[in-house]
1. When the stretch 91-105 is examined, which residues are found to be more than 30 Å from residue 32 (Cα to Cα) and either assigned to a helix (DSSP H, G or I) or modelled with pLDDT of 95 or more (or both)?
2. Have a look at 1, 42 and point out the one that is modelled with pLDDT of 90 or more and within 24 Å of residue 117 (Cβ to Cβ).
């Protein structure tokens, strides 16, 4: 994991846990607390197909949701080559973008899993 010192506002970052990826835009770095204020953009949940040769994800649009303030150590910079195809797919596919409630339920579940896995990063 990379320190948030390298992050800049408007940069896209990724929080990964058990193959699920949360992509978010950096709003502000709170250096004194080593926290990162981010705006969730999408969550990519792996789809399990037998004999699948490549990773496939179901994307959920989170752009209408609440911001998060999380430990910056949990994020990594998202690469353009990974994010651009996902955003393109999200824009062209309307299947998951209209189900806001389901998208936010997936986000809540993901946040709970990450918090349980990395509780030591949340202690003041």
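The values are calculated or read from the model by the stated rules, or taken from the named source; none is laboratory data. Since this is a predicted model, take the numbers as computed values, not measurements. Neighbour counts are summed over all protein chains in view; Cβ atoms, including those assigned to glycine, are modelled from backbone coordinates with ideal geometry.
1. Once the filter is applied, which keeps residues that are more than 30 Å from residue 32 (Cα to Cα) and either assigned to a helix (DSSP H, G or I) or modelled with pLDDT of 95 or more (or both), the stretch 91-105 yields 91, 92, 100, 101, 102, 103, 105.
2. The match here is 42.
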